Every structure is written in C-alpha cells, then in structure tokens.
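Let me begin by presenting the structure, written as structure tokens, before commenting on it.
The values are calculated or read from the model by the stated rules, or taken from the named source; none is laboratory data. Remember, it's a predicted structure, so these values are computed and weren't measured experimentally. For neighbour counting, all protein chains shown are included, and Cβ atoms are generated from backbone atoms with ideal geometry for every residue, glycine included. Note: areas computed on protein heavy atoms with side chains; ligands, DNA, RNA excluded. Shrake-Rupley method; radii C 1.70, N 1.55, O 1.52, S 1.80 Å.
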Amino acid sequence: MNPAHNPSLLDQLERIEGILQQHEEAVAAAAAETRRAAEANEQALAELSGLLSRLSARLEPVAPPASSIPASAPVILQQGPEPRVSEPERYEGNPESCDAFVVNCSLLYSLQPRVFTTEAAKVAYTITHLTGWAWLWGTAEWERQSEACSTFSAFAAELRKGEWSVSDYSIDFCTLASRSQWSPAALVDTFLHGLAAHIKDAMVAYDVPSSLDGAIDLATRVDLRVQARRRERALRRRFAEAGELSTGVPPQPAASSRKEEPVQLGHTSLTGEERRQWRQFNLCLYCGGQGHFMATCPVKAQTHQ
C-alpha cells in the first residue's frame, strides 16, 4: 500500500521522523557537551600538572656543580632524636664538687640543644638541681632576676665563687622560716637537712640543740672551724711546696702551754718560723685568716663562747 494514499499513516510517519530528529539533536547536543567537559578536564589537569611541577622545583634545592663545592665544606647530616642523658646529681654547695656539677650540666645542655633552647631554661634547670643553701641562693637570685641568671655561664661563674657560709644560709633560712607555721622541732630538722654534707659530718660529735637558734649557733661555730682548718692546710701546703717549711706537721704542744700559745684548729701551734711567715703575710696567728689579728679573731671568739 502506498502511504501517500493513506493520510493517517502519513501523519504517523511524519511524527516518528520528528521524534527521531529530536533524539538525534539531543544526542548531538549531549555529545558536544561531553566534548566540552572533556576539554575542560584536560585543561584543568594540565594546569594542575604545571602547578605541581613548579612546587616540586621550589621544594627540591638545586645542587651546585661538584666542581663548585669546596673539599673542606662540612657535611650536613639529618638530625635524629637527641640522646638521653642522665640528670646531674644535686649540688649542695660543697666547693669540692662544684666543678663536676657545672660540667655535668654543661654536657647535658650541649647534648640536648633542642630541649634547652634558651639561657633561661638552662639556669632554671640548674636551680632545680641545687639543694641546701645553694638552692636558697639560686632561688633568691632567680626571684630578683639578677645578672647571674642572664646566662648559664654567668650563673656557673657565681656558683663557683659562692662558698656560702652557714651564716648566709641561716639568714635565708630564718627569712623563710618566719613565713611558715612549723614547730621548733620541724624547723631544726629542716635546717640541719639543708646543711652541706661536710658540715653535717663535723657536727656528728655534738649534741644537736632543740631550738633553731641553738642549731644555727652550733652550725656557725663548726663552719668557722672547718673554714679555718682549710685555710691552715692550704697555707701549710703552699709553704711546703715552696720549700719554706722544714717539717710537714709541727709537734703537738704540751697541754699546759695550749692556753698561752696561739691555738690552731686541730690543737697544733705554730713554730717560730711559721709565726714569722704568717706575720709577713698579715695572717691571723689563731685561724690563719686575713683582715684581722688574733685579738679580734672571729673564730677565737666563737670557740670561746
């Protein structure tokens, strides 16, 4: 049958052709949109690739030619974790162990520079490892932010100078004790605990007073005797090294003459040659100290109280 002779069939064919044409146009439009999207994606990927290349070039340093690197140039190694170092033992103020304490602290700061990044951190850590009157001195310097706390070397220099006497320790301790509500027994125990080991050893032969004033008086007298004994040994060693003493230790004086002779700590008296030398150096004939004579000797005054 010829469709031209059937109008109804012809209309249906035209509608079908129109629908097909619409579909073809829709497919063509979708394909064009897909191509545009693909081109946009390709352009974005190219831009990202260029950006990554530029970032990589910034992050990776350009190595200089081998000929331009001097043979003496240091080799920079990647930093690893800092070594673990044992803490220094606490320092109580004994001058004989001061150098060892300072060196141990210095080694710690050198081996762990990323932990102790500032001088203030070094000084603060050092103070936390002080005890006794050394701790009282260190905390007082820290509270007023003195020049000694500006650097570790400055603090160590002051620490090396500071052979603090029991008198200095007692003043600081009494200042702190006045702010507390402790009993007399607790104050005495705490005061004795803060004394340096060599002072505690020298006080073993004495009965400890029950009052803080009595404990301070005893510790002060013992400290004066210890210091005088150190000066005496140092002077004798100095004279012996110079060949000026004929004997290392003079003979013990008789008991009846001890009150008349200038009594030295350890109950030894000076020989005639030693008396001449001590006068030459303007030294006290009783304790060997400088700046006073036997009549005004503080050690003699404390000993005879």
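Length gained on full extension, residue 33 to residue 153: 35.6 nm, using 0.36 nm per residue less the C-alpha separation.
Using a cut-off of 13 Å between beta-carbons, work out the net charge of the residues near residue 110 (Lys and Arg +1, Asp and Glu -1, residue 110 not included). Intermediate values should be presented prior to the final figure.
Values: positive: 114, 122; negative: 82.
Counting the neighbours of residue 110, the net charge comes to +1.
Carbon and sulfur: what percent of the range 97-161's accessible surface (1.4 Å probe)? Could the numbers behind the result be given before it?
On the way: 1830 of 3190 Å².
Summing carbon and sulfur atoms, their accessible area is 57 percent of the total for the range 97-161.
With the simple spin-label model, which puts each label point 7 Å out from Cα in the Cβ direction, the residue 213 to residue 14 separation comes to 13.3 nm. Solvent exposure of the range 166-242 amounts to 56 Å² per residue of accessible area, where only protein heavy atoms count and the probe is 1.4 Å. Extending 7 Å from the Cα toward the beta-carbon at both residue 48 and residue 174 defines two label points whose distance is 8.1 nm.
What FRET efficiency do you get for residue 103 and residue 82 if R0 is 30 Å and r is their Cβ-Cβ distance, rounded to the nearest 0.05?
Using R0 = 30 Å, I get an efficiency of 0.95.
Electrostatic bookkeeping for residue 138 treats Lys and Arg as +1 and Asp and Glu as -1; over the other residues with beta carbon under 12 Å from its beta carbon, the sum is -3.
Keeping every protein chain in place, order 203, 294 by accessible area at 1.4 Å, biggest value first, i.e. largest first.
Most to least solvent-accessible, the answer reads 294, 203.
Net length available on complete extension from residue 160 to residue 189 is 7.7 nm, with 0.36 nm assigned per residue and the Cα-Cα distance removed. Treating r as the C-beta distance of residue 89 and residue 181 and R0 as 30 Å, the FRET efficiency rounds to 0.40.
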